[in-house]
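Undergrad: A single structure is presented below for examination.
Every number in this text was worked out from the coordinates using simple rules, so none of it is lab data. Note that the coordinates shown come from a computational prediction; the quantities given were computed from them, not determined experimentally. Positions of Cβ are backbone-derived with ideal geometry, glycine not excepted, and every protein chain shown enters the neighbour counts.
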Amino acid sequence: MHSDSGTLLERRARRAVGAALLVALASTAITGCVHYRAKPLAAAKVAADFESRSLADPGLRTFLETNRVAGEWPRRSWELESLTLAAFYFSPELDLARARWGTARAGLRTAGQRPNPSVSASPQYNITTLTPSPWIAAVSLDIPMETAGKRGYRIAQARHLSDAAKLSITATAWRVRGKLRRALVDYYSASEQERLLAAQQGAREQNVKLLEAQFAAGAVSPAEVTRERIALDTTRLAAQDAKRQRAESRVALAEAIGLPVGALDSVEISFAGLDRVPPDLDSPMARRQALANRADVLVALSEYAASDAALRLEVAKQYPDIHLKPGYEYDQGENKWGVGLSLELPVLNRNQGPIAEAETRRTESAAKFNALQARVLAEIERGVAAYRAALEKSATADSLLANLEKQERVLRGRFEAGDVSRSEVIAGQVELATARLARADAVAKGQQALGQLEEALQSPVLLSADTLQLSQDPKASQAPKTP
C-alpha cells in the first residue's frame, strides 16, 4: 500500500513538473513575440497630405535650424541652399533610400541570429505488457552548432550591404540636389527670358509705330514696315513661349522640392548666385577625391565587400554543421539518458554550385565597380569640358553686351544732339535687348554645366549635416506616436 502511494505521488510530481515546464515555455514564447501592428495605406489620405504640404512646415524649420540655416520664420525668400534642405526634408526619393537602409539594418539583425534548438517527443504504449508500465516516452533536444565561422561571414555580408544602403542615401541626396538645381536654373532662365523679351517687344512696338508714321509720310517703304512687324510678331511668339517655359519650370521646381505647385505662390524664390558664372572650379585634387570618395563609388565598394563575404560564407558551407541531441527516455518504468550527434555527410556535393555562383557575383561586382569609375571619370571630363566652353561663351556674351551698352549710350547722346533719329536709337535698344538675351542664355547654360560638374565631383559639400543626419527621417519626430 505504501509502495502504491509512493508511485502515485511520483506520477503526480512528474505531471506537475511537466505542466510547469510547458507553462514556462508557453509564457516565454508569448512574451518574446513581436505583435503585428496594422498601418493601412490609403491613396486619398496620401494625396491630401501631399496637397497640404507647405514651406511653413514647423518640422522644416527645425530641420533648417539643425543644419544651421536660421532666420525669420516663415521665410519670405528661399534661395538654393534653403530650397535644397526643403527638398531633402520632403523628398520621397530620400524617404525610399532611408527605408531601404532600414531594411538592410534589419537584415543585419537577421544575419546575427543563432539557430534555435528544437525539441521532439515520441510517446509510445506497449499493449503486450502492463508491468511495470506500458508507457514508453522519449524527449530529445536538437542543438545546432554552426561551424567554420558561417555566422561571422553572414554578419559581415549584411554589414557591408547595410553600409551600401546608408551610403546610397548620400548618393540619392546628390541626385535630389541636382534635380532641384536644374529646375531652379530653368526657372531663373525662363523668368529672365520672359522679362528681357518683354523689354525687346516694347522696343520693337515703338519702332513699328515710328516706321508706320514714317511710311504714312512717305519716308520709308512698305517692305521696311513689314519686316519690322514680322520681327515684332516673332518676338511676341518668343515671349509667349518663355511664359510657357516659366510656368512649366515652376511646376518642375515644386516637383523637385516635393511640394504641390501652389505651395510656391506665397513665397519669393531668390536667384542669388545664379545670375553669373563663377570662375573655373576644375581641380586635379577634386577629380582624385571624386574617384575615391563619391557616394556611389563607396556604395560599389561596399557591395563588392558584401559579395566577397558571401563567397566566404559559401566556402564555409562546405563544412557541415554539428547537431547535438541530448535526450531522455522513460522506458516502462526505467529512466534512460543519452547524447546523440549528427552532421551532414558531404559526399554527393561539397557546395560547388553555390560557391561558383558567389565567385561569379564577386567578379560581377568588381566589373561593376570598374565600369562605375570609368563612367565617373568620363562624367568629370565631360563636365569640365562643358563648363570651360560655357565660361568662354559667357565671356563672349559679356564682351558683346558691354560693347552694345556703350553703343546704345552713344546713340542716345547723338539723338539728344540731333545727329541720329529716334528709329536708330530704338534699333540700338533692340540689339541691346538681343545681346542681353544671349547673355542670359549663356549664364543659364553655364549654371547648368556647373551643376553637372558639381554632381560629377560631388563637391563642394553644401550641407553641414553629415550622412547620419541625412539618414534620419526629419519628419519622424512630427509623426503622431503610435499607442
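Undergrad: How about the stretch 43-120: which trypsin sites (Lys or Arg not before Pro) there are in a DSSP loop, with at most 10 other Cβ atoms within 10 Å of their Cβ?
TA: Counting only loop positions with at most 10 other Cβ atoms within 10 Å, the trypsin sites (Lys or Arg not before Pro) in the stretch 43-120 are Arg68.
Undergrad: While we're looking at this one, here's another question. How large is Rg over Rh for the stretch 45-458, taking Rg from the Cα atoms and Rh as the Kirkwood inverse mean of 1/r across Cα pairs? Working shown, then result.
TA: Numbers: Rg = 36.6 Å, Rh = 28.4 Å.
For the stretch 45-458, the value is 1.29.
Undergrad: Grab the other residues whose beta carbon is less than 15 angstrom from that of Ala70, score K and R as +1, D and E as -1, and report the net.
TA: Numbers: positive: Arg61, Arg68, Arg75, Arg76; negative: Glu65, Glu72, Glu79, Glu81.
Combined, the nearby Lys, Arg, Asp and Glu give 0.
Undergrad: On average, how much area does the Cα convex hull of the stretch 103-149 cover when viewed from any direction, in nm²? Walk me through the numbers before you get to the answer.
TA: Working: hull surface 23.1 nm².
Average of the hull's projected areas for the stretch 103-149 equals 5.8 nm².
Undergrad: Quote to one decimal, in nm, the extra length available between Tyr125 and Phe50 on full extension: 0.36 nm per residue of separation minus the C-alpha distance between them.
TA: Separation in residues times 0.36 nm, less the Cα-Cα distance, equals 20.2 nm.
Undergrad: Moving on. Pairs to check: Lys150/Lys368; Lys166/Lys445; Lys45/Lys445; Lys39/Lys317. Give those whose C-alpha atoms are more than 29 Å from each other in this structure.
TA: Numbers: Lys150/Lys368 26 Å; Lys166/Lys445 33 Å; Lys45/Lys445 40 Å; Lys39/Lys317 39 Å.
In this structure, Lys166/Lys445; Lys45/Lys445; Lys39/Lys317 lie more than 29 Å apart at Cα.
Undergrad: Suppose only helical runs count, i.e. DSSP H with n ≥ 4. What mean residue ellipticity at 222 nm does that imply for the chain under -39500 (n - 2.57) per run, divided by all residues and rounded to the nearest 500 deg cm²/dmol?
TA: Numbers: 12 runs with 322 residues, N = 483.
Counting only the DSSP helices, I get -24000 deg cm²/dmol.
Undergrad: Using 0.36 nm per residue, how much length does the chain from Ser342 to Arg382 gain when fully extended, once their Cα-Cα distance is taken away? Present the calculation step by step, with values, prior to reporting the outcome.
TA: Values: separation 40, 0.36 × 40 = 14.40 nm, distance 6.22 nm.
Taking 0.36 nm per residue and subtracting the Cα distance, the gain is 8.2 nm.
Undergrad: Further, regarding this structure: Ranked highest first by average number of other Cβ atoms within 10 Å, how do 192-202, 165-175, 324-334 line up? Please report the intermediate quantities before stating the final value.
TA: Values: 192-202: 19.5, 165-175: 21.2, 324-334: 14.5.
Result, highest mean first: 165-175, 192-202, 324-334.
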